[in-house]
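Engineer: Below: one structure in structure tokens.
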Amino acid sequence: NDVELVVINQTDNVDPNSELVEDVLSIITVFSAKLYGKRSHRMQESSKKAKSSSVKRTVTKTQPKTIRVYSKKLSDEEFARMSDFFERYGRCRHFFLNRFCGINSMLAVNNWQALRNQVRKWDKPVKGSKGKLETVYNFQTKHWVGALREACANIKSMWSNLANRLKKLIQGNENFSADQRHLLFFILKFKSAWQAVLLHKPIELPEEYTEALTEIEAKLTDKQIKQAHSCLRRIYVPLPLPGTEVGQAWL
């Protein structure tokens, strides 16, 4: 048939066992290459799927949605009832503002839940009866509780704003020494110390802070300490609350 066979790497006198081993090794090499190739391809496909799924999750989380809100038009009667409720709620809130904006309640407003429990005791002494606040303002307990919580937040802001105002005045007062300013800033850092000064009571602080206060006061004379304390007591704060005149009022 005019066919010529060319044998490459032909070896003479090859041992049959060696030739068999070479054939087996070549077969194992071919199938191993195919096996590893399929595994690599499978790993690549799984990694692609993982990346695509993570991208989809990210898009799902960050995809914005537009929600259309429909509001129902209130009748004149419903609007009047709502206005009346907000007016009563405002009066209740102002009642708490007037009652707890003083120096004695300076620390109590920090925990409005405890203050709520105190109000409940005098508001409803008999369990199951209608409370005084519910009777006066004609709404449920949850409503005056909300007014109390809002009033406490407003009072806390009032004291914080007053402290910032005091710091600016102290910083700009050239009559104070550096040690007096240090003492005043230290007192304003702790509301309990500030309250004690305003009530002419001794300052009581944890032991580590008491030592620091003692070190500061040791650098001042009694006259300088009294001068610093009187500065805190002389500051006016505006309280434009219903039932009081708008303007300056003593704390």
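Engineer: Please go through the residue pairs K168/K226; K132/K156; K156/K223; K156/K191 and name each one whose alpha carbons sit more than 22 Å apart in this structure. Mind dumping the intermediate values first?
Structural biologist: Numbers: K168/K226 20 Å; K132/K156 26 Å; K156/K223 31 Å; K156/K191 11 Å.
As for pairs spanning more than 22 Å Cα to Cα, those are K132/K156; K156/K223.
Engineer: Please report the net charge: other residues with Cβ closer than 13 Å to the Cβ of I28, K and R +1, D and E -1.
Structural biologist: On the way: positive: K34; negative: E22, D23.
With Lys, Arg at +1 and Asp, Glu at -1, the neighbours total -1.
Engineer: Continuing with this model, one more query. How big is the gap, in Å, between the Cα center of the stretch 200-233 and the Cα center of the stretch 127-168?
Structural biologist: One Cα centre to the other: 32 Å.
Engineer: So what's the net charge close to I103: Lys and Arg +1, Asp and Glu -1, counting the other residues with Cβ under 12 Å from its Cβ? Write out the running numbers ahead of the final one.
Structural biologist: Working: positive: K191, K201, R233; negative: none.
Once positives and negatives cancel, what remains is +3.
Engineer: Please list, or write none, the lysines whose alpha carbon is within less than 22 Å of the alpha carbon of K49, excluding same-chain residues fewer than 8 places away.
Structural biologist: The qualifying lysines are K38, K61.
Engineer: Sorting D15, D2 by accessible area (1.4 Å probe), largest first, what list results?
Structural biologist: Working: D15 75, D2 165 Å².
The most accessible residue leads, giving D2, D15.
Engineer: Checking the cross-link filter: which lysines have an alpha carbon closer than 27 Å to that of K72, excluding same-chain neighbours under 8 positions apart?
Structural biologist: Counting by Cα, and skipping residues close in sequence, K72 has these lysines nearby: K142.
Engineer: Something else: As a test of understanding, state the convex hull volume per residue of the stretch 125-208 from its alpha carbons, in Å³.
Structural biologist: Numbers: hull volume 14.2 nm³, N = 84.
Convex hull of Cα atoms, per residue: 170 Å³.
The values are calculated or read from the model by the stated rules, or taken from the named source; none is laboratory data. Keep in mind that what you see is a predicted model, and the values were worked out from it rather than measured. In this analysis, Cβ positions are derived from the backbone assuming ideal geometry, glycine residues included, and neighbour counts consider all displayed protein chains. All accessible areas refer to the heavy atoms of the entire protein, side chains included, with ligands and DNA or RNA removed. Shrake-Rupley method; radii C 1.70, N 1.55, O 1.52, S 1.80 Å.
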